[in-house]
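**Student:** Below is a structure I'd like to ask you about.
The values are calculated or read from the model by the stated rules, or taken from the named source; none is laboratory data. Keep in mind the model is a prediction, meaning the values are calculated, not measured. Note that each Cβ is placed from the backbone with ideal geometry, even for glycine, and that neighbours are counted across all protein chains shown.
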Amino acid sequence: MLRLPGLRAPLNRGHLKKAFTCIGRAFGRVPTAIIKSDVAYALQITQSNFRVLESFDIPLINTNILEIGPGINFGPQLIMASYGAHVTVSDRFLAPWDDAYHPMFYEKLLEAWQGPSDALRAVIHAKGYPAEILTCIDQPAESLTRIPDETFHVVFSNAVLEHVSDLPAVVGTLRRITKEGGFNNHQIDFRDHRDFSRPLEFLLMDDSKFSATAKDYPDLGNRWRPSQVIELFERAGFSILLKNFDAPVPHDYLQAFLARLHASQSPFRNHDVADFSHGFMRLSMSIKAMIKGPAPDADNGDRR
């Protein structure tokens with residue numbers, strides 16, 4: 001983890017990527033290493049999404065899919081669109097087309113991808129995102145008022161829900177916009193984003209200190225724990241089909257953390273220890289009966 005003089009917290013890979021991307025834009029070209037890394041990540045997310053869909057027997061053709069918080073590029077979403085899915089991307093700060101980044105990124109992704117690619121070719125040709133290829137919505141996940149009720153067969157997010165300011169509102173919105181029998185898959189990163197090597201530190205703070213710290217570190221992440229997130233989704237009407245945990249917290253760090261936690265004034269000092277054991281959780285959920293294809297047109301307080 002890199003730390004520069006004058007910074008309050010270490011720089012993680014995301015910070016470095018943003019910095020180099022901004023520098024590249026200033027000179028009219030993003031470094032090739034950033035493009036190569038982003039292409040590899042886009043392919044990783046694509047394969048992950050495909051495995052999830054295949055494991056639950058969900059086809060792509062004519063399926064309405066939403067990705068919340070897709071990031072700086074829409075590569076995985078355009079690949080799904082190339083297979084016949086009707087894809088929407090949404091974000092409070094949805095990334096616009098950037099001539100210093102996107103043409104090169106999509107060209108390199110096209111070179112690396114061996115499957116259907118009509119949607120990728122279309123955005124390269126258009127130098128933007130034609131509405132008939134991709135629906136883009138720049139609204140927060142808490143509301144998504146431009147999306148009608150029961151629109152999507154499938155909703156994805158990757159490392160997004162830990163950043164939302166009002167998770168209960170987001171879960172309610174996801175319930176509203178997902179079709180009956182629809183499917184959601186969300187990977188959530190529960191770590192303190194200031195320093196991934198010390199993933200539980202923000203749980204030591206009382207609520208007032210956490211609120212003040214979050215103002216200095218907008219990417220800090222909220223403090224919802226896995227069991228609380230599961231309960232929110234179940235209360236909203238989702239049935240949990242599968243939950244996978246990853247990034248186990250190192251044993252020695254966890255034991256030392258628990259001693260400090262129990263001596264603190266944190267609202268988590270009496271929380272179930274099992275909720276601190278892993279950094280990631282992937283939830284696969286449905287509403288009532290799972291679809292097999294596109295339907296006919298027809299204490300859990302605010303953790304900030």
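**Student:** Just to be sure before I move on: is Ile79 among the hydrophobic types (A, V, I, L, M, F, W, C) and either within 23 Å of Gln47 (Cα to Cα) or touching a strand residue (DSSP E or B) at 6+ places or on another chain (Cβ under 6 Å) (or both) in the structure I sent?
**Tutor:** yes
**Student:** Further, regarding this structure: Quick check: anything in the range 69-82 aliphatic (A, V, I, L, M), within 14 Å of the chain's Cα centre (by Cα) and at pLDDT 95 or above?
**Tutor:** So far as the range 69-82 goes, yes, one or more of its residues are aliphatic (A, V, I, L, M), within 14 Å of the chain's Cα centre (by Cα) and at pLDDT 95 or above.
**Student:** Would you be able to tell me the number of residues in the range 125-156 that are on the phi < 0 side of the Ramachandran plot and basic (Lys, Arg)?
**Tutor:** 1
**Student:** Related question: Of Val160, Val171, which residue is assigned to a loop (DSSP other than H, G, I, E, B) and of a type in the set (Val, Ile, Thr)?
**Tutor:** Every option except Val160 fails the conditions.
**Student:** Can you report the number of residues in the range 98-114 which are loosely packed, with under 15 Cβ neighbours inside 10 Å and out of contact with any helix residue (DSSP H, G or I) (no Cβ under 7 Å at 6 or more places or on another chain)?
**Tutor:** Total satisfying the criteria: 3.
**Student:** Just to be sure I understand the filter: pairs with C-beta atoms under 7 Å, separated by 6 or more residues or on different chains, first member in the range 56-68 and over 17 Å from Thr145 (Cα atoms), second member assigned to a strand (DSSP E or B) and of a type in the set (A, V, I, L, M). Which pairs pass?
**Tutor:** Close Cβ pairs (under 7 Å, with a partner that is assigned to a strand (DSSP E or B) and of a type in the set (A, V, I, L, M)) amount to Ile58/Val154; Thr63/Val154.
**Student:** Could I ask something else about it? Looking at this structure, is Pro226 surrounded by fewer than 16 Cβ atoms within 10 Å (Cβ to Cβ) and within 29 Å of Ile65 (Cβ to Cβ)?
**Tutor:** Against the criterion (surrounded by fewer than 16 Cβ atoms within 10 Å (Cβ to Cβ) and within 29 Å of Ile65 (Cβ to Cβ)), Pro226 does not qualify.
**Student:** Within the range 225-278, can you find the residues that are within 25 Å of Gly182 (Cβ to Cβ) and in a helix (DSSP H, G or I)?
**Tutor:** Pro226, Ser227, Gln228, Val229, Ile230, Glu231, Leu232, Phe233, Glu234, Arg235, Ala236
**Student:** Quick check on Leu220: is it at pLDDT below 95 and in contact with a Lys or Arg (Cβ under 7 Å, 6 or more places away or on another chain)?
**Tutor:** yes
**Student:** Within the range 134-141, identify whether any single residue is under 23 Å from Ile35 (Cβ atoms) and of a type in the set (S, T, N, Q), and answer yes or no.
**Tutor:** Taking every residue of the range 134-141 in turn, none turns out to be under 23 Å from Ile35 (Cβ atoms) and of a type in the set (S, T, N, Q).
**Student:** Looking at Leu203, is it closer than 23 Å to His271 by Cβ and either of a type in the set (Lys, Arg) or crowded, with 17+ Cβ neighbours inside 10 Å (or both)?
**Tutor:** Taking the combined requirement at face value, the residue satisfies it.
**Student:** Hey, can you tell me all the residues within the range 70-86 that are within 14 Å of Trp97 (Cβ to Cβ) and among the β-branched types (Val, Ile, Thr)?
**Tutor:** Ile72
**Student:** Does Leu78 count as assigned to a helix (DSSP H, G or I) and of a type outside the set (S, T, N, Q)?
**Tutor:** So Leu78 fits the description; yes.
**Student:** Please find, within the range 85-142, the residue that is nearest to Gly172 (Cα to Cα) out of those that are in a loop (DSSP other than H, G, I, E, B) and aromatic (Phe, Trp, Tyr).
**Tutor:** Result: Phe93.
**Student:** So, one more: From Ala298, Ala236, Ala247, Ala256, grab the single residue that is surrounded by fewer than 11 Cβ atoms within 10 Å (Cβ to Cβ) and either farther than 17 Å from Leu203 by Cβ or at pLDDT 95 or above (or both).
**Tutor:** Residue meeting the stated conditions: Ala298.
**Student:** Being within 20 Å of Asp219 (Cβ to Cβ) and acidic (Asp, Glu) is the filter here; which residues of the range 157-208 pass it?
**Tutor:** Hits for the range 157-208 are Glu162, Asp166, Asp189, Asp192, Asp195, Glu201, Asp207.
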